[in-house]
Every structure is written in C-alpha cells, then in structure tokens.
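The values are calculated or read from the model by the stated rules, or taken from the named source; none is laboratory data. If you're wondering where the values come from, they're calculated on a predicted model, not measured in any experiment. Positions of Cβ are backbone-derived with ideal geometry, glycine not excepted, and every protein chain shown enters the neighbour counts. All accessible areas refer to the heavy atoms of the entire protein, side chains included, with ligands and DNA or RNA removed. Shrake-Rupley method; radii C 1.70, N 1.55, O 1.52, S 1.80 Å.
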Amino acid sequence: MSTEAGALATTPGLDSPTWPAEFAARYRAAGHWRGETLGRMLRERAAAHPDRTALVDPAPERRTWTYRELDERADRLAAGFAARGIAKGDRVVVQLPNTGEFLEVVFALFRIGALPVYALPAHRATEIGYFCSFTGAVAYIVPDRHAGFDHRTLASHIKARTPGLRHVFVAGDPGAHTALSDVPRDPAGPLDGPEPHELAFLQLSGGTTGVPKLIPRTHDDYLYSVRGSNEICGVDAATRYLVVLPAAHNFPMSSPGWLGALYAGGTVVLCPGTDPATAFPLIERERITLTGLVPPLALVWTQAAPETACDLSSLEAVLVGGAKYSEAAARRLEPALGCRLQQVFGMAEGLVNYTRFDDDPETVVTTQGRPISPDDEIRIVDDAGREVAEGAFGQLLTRGPYTIRGYWRAPEHQAAAFTEDGFYRTGDIVRRTPTGHLVVEGRAKDQINRGGEKVAPEEVENIILGHPSVHDVSVVAVDDDYLGERTLAYVILRADAAPLKPAAVKRFVREQGVAAYKVPDLVQFVDAFPQTGIGKVSKKGLRSAAAATEQL
Ligand code: AMP
Ligand code: DBH
C-alpha cells in the first residue's frame, strides 16, 4: 500500500485504487486495522472455543457445526480447491443460498486468498455470465436446485460460453459437474494465504450503470466494519444471529451479520426463507437474539407477530435497512415484535450508519443512524460540490477506514463515483441532525430501490432495447406502499411495429435471463418521453408523470 502522499494509488494485485499511505498509517495507528484476516479469525475462534456451535443449518434436516468443525471443513475444502489449481488471487463466483456450504466455501476461499465474487441466488445467465467473464473467474459454485430453479443447467450454459471457467462445483447432486463433496479433502498443506491489506472478496454494487460494478474489500477494512458493528449492536458470544436476507449480501454479512456473530463467538442460524411461517418457528426453536431485515420484510413481520403462536421473546433487536424505512412502520416494530429496533443505512462500498441503543426513541424511528467510526468522514454537498449549510439536504460523500477508494478494474467510473480526494459519491440525498444522525431524503443517482433490491435502470433499459419492436425505453421508479418503489418501463414502439402487450415486454426481459427482481413491475407504452431543457430524457418528468397516472 505504499504511495506518494495524497495520490491515489493502485497497488499491484489489488486492481483498484486504494488508500494513500498516510491514511493507511492513520487507520492502523488508530487501531482500526489490526492485521487480521477472515481465515485467521475463524482459526483463532476455533482454537479458543472449539466446541461452541458456530452454525445451525435447519433445513432439510437440522445440522450444526461447531467452530472446530467449520474450521476443519474450511481447511479441508481449501486443500481440495488448491489441489484443483485454485490459487491466491483467483476469482470464484459463489452463488449459494443460505446453507452451511456457503460459509464452508467462502472460508475455504479466504484461507487460500482466492476471492469469492458474491452473486445472489436470484442472478441468472446475464449477470452470472458477466461476473464470470469480467472477473476472469476460474470456478463457479452453485446449489443443485434452489427455489425451483436448476442451477446446474445455468452453470452448463455459462461454462460453454466462458473459456476461462475451469470448474463448476455443485452443493448437492452435481449432474454434469463436480460435487463439492467430491473435491478431495486432503489434509491441508501450508497455504500462503492472504495478507490483511489484500483483497478478501468482491461484493456487488447495486449499481447505476449498464453492468454492476465490483467492490474490492480488504480483510483489514472489512473486519474493522464488523468489529465496529458488533460493538454498536452489542454482539457477543451469546448472540444467535438469524440470516434471513441472502448471506452473500453485505448487510447480513457484516452489519453485524453472520461475520459479526462468528467474530464474537456467537451462533449463526441460516434461515431458508424470509416469511414469518419459516422464520418465526426458527426464532422460537433456536432462541434467536438478533436479525436484519429490509423494510418490506419488517412490515410483514410486524403485521404477523401479534397473531403468531410462536414465542419470539428471545429476540433482543431487529436491524432494518437497505431502503428507507418509513417512520410510521418504524414506530410499530418494537411493540409488535417485543424487541429493540435499530435502523441501519449502509452500502457494500463501505460506510454503515446505525441508530444506537442509547438514542432517544424519536431518533431511532426518524433517522437512519450515524457512522460506525469516528474516522468516517461525511460531506453533504450541493450539485456543484459545495458543502451545504448544517442541517440542509445534499448529496452524501464519504471517506474512511472501510470505504473503498475505487471500484475493481473500473478506471472509467472513477471520476463519476469518487472525488479526486477519495470521497465516495454515494448518490444518496441526506441531511444531518444536530446529533450527527443522517436522514435519507432521496437519491441523486439513477437507481431504483425495490425494497432493498437495487435496480440500475440502464441495465434494464439495455435489455428492453434488444426487443425488435422497441424504439426507445426509459425505466423509472414509482412509489409503492409495500416495496417503497417499483419499476416502471416507459416504452416507445417502432413506428412499424405491431402493438405489444405489457406482459410481452416482461416476458422478453425474463427470457434474457436476468434476476426476477429486474423484470419491470409495470410497462406503459408512450409516444414520447418528457425532455429536459437540453433535450435529454427527463427521468424526473417521467417520475411525476407516473405519479399522476392512476391506472398503469
Ligand atoms: P449498495 O451500494 O448496493 O450496497 O446499496 C446501498 C444503497 O442502499 C445506499 O447507497 C442507499 O441508497 C440504500 N440504502 C441502504 N440502507 C438504507 C436505508 N436505511 N435507508 C435508505 N436507503 C438505504
Ligand atoms: O443496502 C445495503 O447495501 C446495506 C444496507 C444495510 C448494506 O450494505 C449494509 C447495511 O451493510
């Protein structure tokens, strides 16, 4: 990480800009970066308390692994992967649901220093094909079937089109591929492993561009955010964290998530579904103390809790974040679930804000929290980049000990996404209260937040433009009581095209092989888009047109 003072550096092997030396020195001196790695963290915990339960995987039949078992499994799989030629720095696309294998696989990769690329279970051929080719992945790891979808067929398709992809490993019945359980588990030889300042994995950004950007996180920076989150959320050895959201997502991974629980010597329980009918009995049986939800799920749980026969009294707190949680909904959570609410406003790029247990109740329901670290730098600026008056709205820029300085292999996005002095342009419109809490008021970036699932309109527009009858398209957000926002595609058909039904456009998007949450919720045919003063399509104009239309 050596660099000239102040300059943005690209460290060989990192493939992205990183913290200038004086920042790195400061973060180490402050004790934020402690020279930890994810692989060694698990090793140390397993040595300290080998027989404690690290994880519970309840379905289809209940399995529990102690810290020793998880550590040994990760070691043996790491040896097996290494024997198959997977080496430090290699990228491996991991698309596994919330199962024990997810943790086993990622810790095996951490041990080697190979980088998991965290795909979500919902991703399909378009996204996976891109992750595999863009990252030059050597392996792709899938379940056999999940949620009614056969991932082995998708993997065959991807492998045929991606020459660099050497391996497909399947958790479960492998079909034409290799079963994870058949990877030879030779006793581990010494592995070099990664250094704390090196990359641990690539996370996905929700994105505003045609293809998702990849977020390079180092061991040291990520573990600082986990440790900081644990302190704020009171995570300790008694914590039993329920992973409800996809385990690969940054929120259930590190805020404080399954990594926080393991860091503290607690227990991770993997939830196979998000609905109360699945989660509530598990909360009772596994005596869950903590979980994290997106606002639409928090709403459903809040509605279901008063009716349930399940005993939810073990729950101490529920974290809600990923999208704006309405004040009205926030007020109802604590009485319904009988536990504390913590709002969390975070991003896979870094900065995470939490409301605190000692905040007054109004602050907890009306703000999205304040940063983890005293070294998180916050600037709230106007469109010209000037700081706004204290308390006024503006765009949130941030820099700090666990916020990236650039995306992975994306120099073309550097200037748009980061300031010259290294602040990440979050694209969120916020204001700061006198107590330093942030309130998310909106968004400057072209993104749709569908209840925590981020959709980049440009990505969906590019797909719809591939339809032979479509002349032009603009995808915008419309307000929605449940999800917060839904997607609406305004479509202009070619003059010579036969009329289309909205369902045909949706089907076309689905058939291109993308995650279902990117299929537009609504489709409307128009003759022209509203334009801005200089003749660009006005998304603001389209949004207000959508708001004014009652029946879509
Ligand atoms: P990503 O960059 O994909 O990790 O998504 C992070 C983005 O999600 C943030 O920049 C916000 O736009 C949004 N977000 C996350 N948490 C909240 C929250 N509590 N309230 C409002 N927006 C949120
Ligand atoms: O939306 C997010 O990306 C998010 C939300 C809450 C996140 O990354 C996090 C907490 O860490």
- Query: Out of 472, 480, which single residue is more than 25 Å from residue 425 (Cα to Cα), within 16 Å of ligand 1 (Cβ to nearest atom), open to solvent by 20 Å² or more (accessible area, probe 1.4 Å) and over 21 Å from the mean Cα position of the chain (by Cα)?
  - Reply: 480
- Message: Every residue in segment 323-345 that is within 9 Å of ligand 1 (Cβ to nearest atom) and in contact with a helix residue (DSSP H, G or I) (Cβ under 6 Å, 6 or more places away or on another chain), please.
- Response: 323, 325
- Query: What number of residues within segment 497-543 are open to solvent by 70 Å² or more (accessible area, probe 1.4 Å) and at pLDDT below 80?
  - Reply: 6
- Would you say residue 283 is without any contact (Cβ under 8 Å) to a residue 60 or more places away in the chain, in a helix (DSSP H, G or I) and either open to solvent by 10 Å² or more (accessible area, probe 1.4 Å) or within 11 Å of residue 242 (Cβ to Cβ) (or both)? yes
- Boolean, residue 87 is assigned to a loop (DSSP other than H, G, I, E, B) and either at negative phi or at pLDDT 95 or above (or both): yes
- Message: Quick check on residue 341: is it within 15 Å of ligand 2 (Cβ to nearest atom), free of Cβ contacts under 8 Å to residues at least 40 places away in the same chain and over 30 Å from residue 213 (Cβ atoms)?
- Response: yes
- Task: Could you grab me the full set of residues in segment 400-419 that are in contact (Cβ under 8 Å) with a residue 12 or more places away in the chain, out of contact with any helix residue (DSSP H, G or I) (no Cβ under 6 Å at 6 or more places or on another chain) and under 29 Å from residue 130 (Cα atoms)?
- Result: 403, 404, 405, 408, 409, 410, 413, 414, 417, 418, 419
- Condition broken by residue 443, with the remaining ones in (1) in contact (Cβ under 8 Å) with a residue 24 or more places away in the chain; (2) within 16 Å of ligand 2 (Cβ to nearest atom) satisfied: (1)
- Message: Could you go through segment 358-370 and let me know if any residue there is open to solvent by 10 Å² or more (accessible area, probe 1.4 Å), of a type in the set (Lys, Arg) and within 15 Å of ligand 1 (Cβ to nearest atom).
- Response: yes
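Being open to solvent by 40 Å² or more (accessible area, probe 1.4 Å) and either under 22 Å from the mean Cα position of the chain (by Cα) or modelled with pLDDT under 95 (or both) narrows it down to one residue among 100, 6; which is it?
Answer to the selection: 6.
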- Message: So in segment 410-440, with the set limited to residues that are basic (Lys, Arg) and open to solvent by 70 Å² or more (accessible area, probe 1.4 Å), which one is nearest to ligand 2 (Cβ to nearest atom)?
- Response: 425
- Task: Considering only residues that are within 16 Å of ligand 2 (Cβ to nearest atom), open to solvent by 20 Å² or more (accessible area, probe 1.4 Å) and over 17 Å from residue 242 (Cβ atoms), look in segment 296-325 and name the one that is modelled with the lowest pLDDT.
- Result: 324
- Looking only at segment 12-44, count how many residues are under 30 Å from residue 66 (Cα atoms) and open to solvent by 40 Å² or more (accessible area, probe 1.4 Å). 4
